[in-house]
Amino acid sequence: MNSGQPEQEGRPIGRRVLLGTLGLGALGVAAAPTLQRGLESFLGSAADKDPTGLTGLLPNGGGFRYYSVAASVPKKNATTYRLTVDGLVDRPRTYTLPELRALPQTRLVRDVQCVTGWRVPDTPFEGVRLSALLDAAGVRPTARAIRFTCFDGTYSESLTLDQARRADVLVALRMRDEDLSHAHGGPVRLYVAPMYFYKSAKWLSGITVTEDVRPGYWEERGYDIDAWVGRSNGRDDEPTS
Ligand SMILES: Nc1nc2c(c(=O)[nH]1)N[C@H]1C(S)=C(S)[C@@H](COP(=O)(O)O)O[C@H]1N2
Ligand SMILES: [Mo]
């Protein structure tokens, strides 16, 4: 909420249009690293000429890229944010941000790895273990998977129940030892440490326990559902950066 960067509006649109037009899925994953470099040099040169501060949102301190498939995303804060846990559970509930902050927090420091090739080493994430929220909700015996939805109105993700119960899967409230910024999916995003970063859904608003895996946004467009870093998306032999 406090990021105060109105210029953010411009960037997701360009990103979405480019990704949509060039079609990551259609080109295939093998082409993605090249595509990513092309996008970055395009956006980078545009940013160099932009006096408004767009540069600050491009590959920047720490090497992060800002990704959104939605053209604009509403901002949520400690008052307006809600996270719903529902589906095949005995005790569905909705959490506020203060309620999530009051639960035990886990801090993990791992490399962030996007499937298109960029990597940010040793990035701290902190939040509530997803397994704790699932245990509190009481997952029913027929459940096999989780569907994640986002308040950008567009993105979705999935995990199997076994993956979701791993200790390195968080409902993250903090990144790099700061509250998650809006640009990085704040106030709350999913953080799936062992998988490519597209699994880490930003602007998380819904956790629905389901019978079967429902492919998420990028998974409907050709990316692997089981997105283990180094063992998926045909990238086992590819360099990682
Ligand atoms: N809601 C939402 N979550 C998302 C995305 C998105 O477009 N929308 N992009 C994914 C991809 S492909 C990556 S690499 C990371 C980027 O996170 P960042 O913007 O914090 O760097 O978010 C993932 N989660
Ligand atoms: Mo990504």
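For residues in the range 113-130 being under 14 Å from A172 (Cβ atoms) and touching a helix residue (DSSP H, G or I) at 6+ places or on another chain (Cβ under 7 Å), which is nearest to ligand 1 (Cβ to nearest atom)?
The residue in question is L130.
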Are any residues in the range 187-229 in a strand (DSSP E or B), more than 15 Å from ligand 2 (Cβ to nearest atom) and under 27 Å from N77 (Cα atoms), and if so, which ones? L204, S205, G206, I207, T208, V209
By residue number, the members of the range 96-133 that are more than 17 Å from the chain's Cα centre (by Cα) and open to solvent by less than 10 Å² (accessible area, probe 1.4 Å) are L97, L100, L133
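Test S232 against the criterion of being open to solvent by 10 Å² or more (accessible area, probe 1.4 Å) and either of a type in the set (S, T, N, Q) or not in a loop (DSSP other than H, G, I, E, B) (or both), and give yes or no.
Details: open to solvent by 10 Å² or more (accessible area, probe 1.4 Å): no; either of a type in the set (S, T, N, Q) or not in a loop (DSSP other than H, G, I, E, B) (or both): yes.
It is false that S232 is open to solvent by 10 Å² or more (accessible area, probe 1.4 Å) and either of a type in the set (S, T, N, Q) or not in a loop (DSSP other than H, G, I, E, B) (or both).
So which of T149, T154 ends up being without any contact (Cβ under 8 Å) to a residue 60 or more places away in the chain and under 15 Å from S200 (Cα atoms)? Quick ask: steps written out before the conclusion?
Details: T154 fails: without any contact (Cβ under 8 Å) to a residue 60 or more places away in the chain.
After applying the criteria, what remains is T149.
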For the range 80-111, which residues satisfy the criterion of being free of Cβ contacts under 8 Å to residues at least 12 places away in the same chain and among the polar types (S, T, N, Q)? T80
Return yes when F151 is open to solvent by less than 40 Å² (accessible area, probe 1.4 Å), of a type in the set (F, W, Y) and within 21 Å of P98 (Cα to Cα) and no when it is not. yes
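Name every residue in the range 181-214 that is β-branched (V, I, T) and either near ligand 1 (Cβ under 10 Å from one of its atoms) or crowded, with 22+ Cβ neighbours inside 10 Å (or both), in order of residue number.
Of all residues in the range 181-214, those β-branched (V, I, T) come to 188, 192, 207-210, 213.
Answer for the range 181-214, where residues must be β-branched (V, I, T) and either near ligand 1 (Cβ under 10 Å from one of its atoms) or crowded, with 22+ Cβ neighbours inside 10 Å (or both): V188, V192, I207, V209.
The values are calculated or read from the model by the stated rules, or taken from the named source; none is laboratory data. This is a predicted model, so every value here is computed, not measured. Cβ coordinates were reconstructed from backbone atoms using ideal geometry, including for glycine residues, and neighbour counts include every protein chain displayed. Calculation scope for accessible area: heavy atoms of the full protein, side chains included, ligands and nucleic acids excluded. Shrake-Rupley method; radii C 1.70, N 1.55, O 1.52, S 1.80 Å.
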